[in-house]
Amino acid sequence: MNEVVIVGGGLAGGAAAIQLARAGRSVQLLEREREPIDKICGEFLSIEAQRALDRLGVDLDRLGASHISTLRLAWSRRRIEAPLPFTARGLSRKRLDAALLDLAERTGAKIDRGVTVRAAEARRLVTTLGDLAPMVTLAASGKHDVRGISRDVAGCDTDYVGFKIHLRLPVRARADLDGKVDVILFEDGYAGLQLIEDGIANLCLLITKRRLSAIGGTWRAVFEMLLREPYAAMLEDAEEIFARPLTIAGVPYGYLHRDNVDDRIFRLGDQAAVIPSFCGEGMAIALHSAALAALVVVEGGDAAAHHATLRRDLRRSMAVATTLQRCGRTALPRHLLLGLLRIHPGLISQLVRGTRVAAR
Ligand SMILES: Cc1cc2nc3c(=O)[nH]c(=O)nc-3n(C[C@H](O)[C@H](O)[C@H](O)COP(=O)(O)OP(=O)(O)OC[C@H]3O[C@@H](n4cnc5c(N)ncnc54)[C@H](O)[C@@H]3O)c2cc1C
């Protein structure tokens, strides 16, 4: 029997598996997908995420990650350009998650791909491999809740629908985007655009359900609406690499797990906290929570202690990010905030810093 079972092989699960295997624990990771897949994500790696990956031994240069040092924030005909307080990297989740799972396997973790955990009951996991009763369970199933350990998302902002697609841009548009991340605001949503490996562009976009249904409810309608934004016009001749975009609905923005003495299962990544996507800090949180959980498990601590520490580490950045997201949704605060940023673009750097997870 494996001492630790990890449910989910995304960033959080993969990172925890590496660290626990290095500490000599017997680890089994269950990932429902048989092969690496594209995932909905802006694919912007913050400095905290990069440092965590470096500590794990993941070489972003070898994986071909792009470099991003400038943020361009656009709305209607206006645009502010500001340096990021760090050089970010862009890399597809398909490549990154695969690299982590490969490393976990080489480190000694048992990786079972194509295995779904159907439910968590008392000390038992019901899986497509049969029932398991590990000493320690780590929930790292990301956006997908497992029956028996669903997240309590009351009070979170769940009314966005997300789209993601990879694009091949015309040469001039690609050169213009090189080194930058574009955030384009539009009524009831925003889009993020950046280069990842091999000069491919990742477009990730969030729109409220209300607006989506008002414009016709389809990706085509969303894309055409985006093209009407002056600073998105460069996408006009882009070639869509996916047959259709990836979509997601109901992501519980602002969710931060409350520790409870009855906690039996360690929550990691999106199962522990969901920061608004525009911050580009979700992957750093996934890696941070994985490192913390591995440490607590190795020291013999319990899930409640892990959750209490994680909550303390994340509370400030989650509050800043959620407040900014809510400001962005209402006309007057949005207008005031954007006006202020136009006068003082240096504030962008401070806001970016305010949404970073504390280093550990
Ligand atoms: C629109 C959008 C844009 C984003 N942009 C960024 C960004 O630019 N930068 C950033 O840092 N963060 C971003 N994020 C956040 C980031 O994607 C997540 O925080 C991060 O993926 C969380 O990692 P995870 O390991 O918790 O979950 P995931 O990466 O979702 O991994 C979970 C894994 O569990 C598996 N799984 C699920 N259910 C089961 C089951 N029952 N049994 C077995 N396996 C299961 C899944 O197949 C998956 O591989 C964005 C999120 C969204 C929604």
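The values are calculated or read from the model by the stated rules, or taken from the named source; none is laboratory data. Here the structure is a predicted model, which is why all the values come from computation and not from measurement. Every residue, glycine as well, gets a Cβ built from its backbone with ideal geometry; the counts of neighbours run over all protein chains shown. SASA here: full protein model, heavy atoms, side chains in, ligands and nucleic acids out. Shrake-Rupley method; radii C 1.70, N 1.55, O 1.52, S 1.80 Å.
Is it the case that region 45-56 has a residue that's of a type outside the set (S, T, N, Q), near the ligand (Cβ under 9 Å from one of its atoms) and over 28 Å from residue 344 (Cα atoms)?
Within region 45-56, not a single residue is of a type outside the set (S, T, N, Q), near the ligand (Cβ under 9 Å from one of its atoms) and over 28 Å from residue 344 (Cα atoms).
Give me the residue from region 114-132 that is at pLDDT below 95 and of a type in the set (A, V, I, L, M, F, W, C) and, out of that set, least open to solvent (accessible area, probe 1.4 Å).
From region 114-132, those at pLDDT below 95 are 120-124, 129; that's our starting set.
From what is left, the residues that are of a type in the set (A, V, I, L, M, F, W, C) are 120, 122, 129.
Details: 120: 7, 122: 76, 129: 101 Å².
This residue is 120.
Return a yes/no flag: does region 231-241 have any residue that is open to solvent by less than 30 Å² (accessible area, probe 1.4 Å) and not in a loop (DSSP other than H, G, I, E, B). So that I can check it myself, show each step before the final result.
First, pick out the residues of region 231-241 that are open to solvent by less than 30 Å² (accessible area, probe 1.4 Å): 232, 235, 238.
Now restrict to residues that are not in a loop (DSSP other than H, G, I, E, B): 232, 235.
Yes; the residues of region 231-241 include at least one that is open to solvent by less than 30 Å² (accessible area, probe 1.4 Å) and not in a loop (DSSP other than H, G, I, E, B).
Going by what's in this entry, would residue 111 be described as in contact (Cβ under 8 Å) with a residue 60 or more places away in the chain, in a loop (DSSP other than H, G, I, E, B) and of a type outside the set (Phe, Trp, Tyr)?
Judged against the criteria, residue 111 is not a match.
Any residue that is open to solvent by less than 20 Å² (accessible area, probe 1.4 Å) and more than 24 Å from residue 56 (Cα to Cα) - is there at least one of those in region 88-111?
No, there is no match, as no residue in region 88-111 is open to solvent by less than 20 Å² (accessible area, probe 1.4 Å) and more than 24 Å from residue 56 (Cα to Cα).
Please go through region 1-44 and give me each residue that is in contact with a Gly (Cβ under 6 Å, 6 or more places away or on another chain) and more than 11 Å from the ligand (Cβ to nearest atom), ordered by number.
If the condition is that a residue be in contact with a Gly (Cβ under 6 Å, 6 or more places away or on another chain) and more than 11 Å from the ligand (Cβ to nearest atom), then 21 is the only one that fits.
Looking at 268, 292, which one is open to solvent by less than 20 Å² (accessible area, probe 1.4 Å), within 11 Å of the ligand (Cβ to nearest atom) and within 30 Å of residue 135 (Cβ to Cβ)?
Just one listed residue meets the conditions, 268.
Please go through region 280-289 and pick out each residue that is open to solvent by 10 Å² or more (accessible area, probe 1.4 Å) and over 21 Å from residue 258 (Cβ atoms).
280, 283
How do the pairs read when you match residues in region 148-169 that are free of Cβ contacts under 8 Å to residues at least 60 places away in the same chain and within 12 Å of the ligand (Cβ to nearest atom) with residues anywhere that are open to solvent by 50 Å² or more (accessible area, probe 1.4 Å) and not aliphatic (A, V, I, L, M), using Cβ under 7 Å and keeping only pairs 6 or more apart or on different chains?
Qualifying pairs under 7 Å: 148/121.
Checking the conditions here, which among 241, 207, 165 is within 21 Å of residue 43 (Cβ to Cβ), at pLDDT 95 or above and touching a Pro at 6+ places or on another chain (Cβ under 7 Å)?
Numbers: 241 fails: touching a Pro at 6+ places or on another chain (Cβ under 7 Å); 207 fails: touching a Pro at 6+ places or on another chain (Cβ under 7 Å).
Just one listed residue meets the conditions, 165.
Condition first: hydroxyl-bearing (Ser, Thr, Tyr) and more than 23 Å from the chain's Cα centre (by Cα). Can you find one or more residues in region 236-249 that meet it? Break it down into steps so the answer makes sense when it comes.
As a first pass, look at region 236-249 and keep what is hydroxyl-bearing (Ser, Thr, Tyr): 247.
If we keep only those that are more than 23 Å from the chain's Cα centre (by Cα) as well, we get none.
The answer is no; no qualifying residue exists.
Quickly run through region 1-54 and pick out the residues that are among the small types (Gly, Ala, Ser), farther than 16 Å from residue 286 by Cβ and part of a loop (DSSP other than H, G, I, E, B). Before you say what the answer is, go through the steps one by one.
In the first step, residues of region 1-54 are kept if they are among the small types (Gly, Ala, Ser); the result is 8-10, 12-17, 21, 23-24, 26, 42, 46, 49, 52.
Retained after the next criterion (residues that are farther than 16 Å from residue 286 by Cβ): 21, 23-24, 26.
Hits for region 1-54 are 23, 24, 26.
Can you tell me how many residues in region 241-253 are within 13 Å of the ligand (Cβ to nearest atom) and not β-branched (Val, Ile, Thr)? Let's see the steps before the verdict.
Here is the first cut: in region 241-253, the ones within 13 Å of the ligand (Cβ to nearest atom) are 245-253.
Retained after the next criterion (residues that are not β-branched (Val, Ile, Thr)): 245-246, 249-250, 252-253.
Of the residues in region 241-253, 6 are within 13 Å of the ligand (Cβ to nearest atom) and not β-branched (Val, Ile, Thr).
With respect to residue 334, determine if the residue is surrounded by 15 or more Cβ atoms within 10 Å (Cβ to Cβ) and either within 17 Å of the chain's Cα centre (by Cα) or not in a helix (DSSP H, G or I) (or both).
no
So, residue 198, is that one farther than 24 Å from residue 6 by Cβ and within 15 Å of the ligand (Cβ to nearest atom) or not?
No.
Pairs, please: C-beta under 8 Å, at least 6 apart or cross-chain, first residue under 24 Å from residue 132 (Cβ atoms) and open to solvent by less than 30 Å² (accessible area, probe 1.4 Å) and in region 30-53, second among the polar types (S, T, N, Q) and near the ligand (Cβ under 8 Å from one of its atoms)?
Cβ pairs passing all conditions: 30/116; 30/127.
Counting just the residues of region 273-292 that are small (Gly, Ala, Ser) and in a helix (DSSP H, G or I), which one comes out nearest to the chain's Cα centre (by Cα)?
Here the residue is 282.
Of everything in region 93-126 that's within 24 Å of the chain's Cα centre (by Cα) and away from the ligand (no atom under 11 Å from the Cβ), which residue is nearest to residue 166 (Cα to Cα)?
Across region 93-126, the extreme among qualifying residues is 95.
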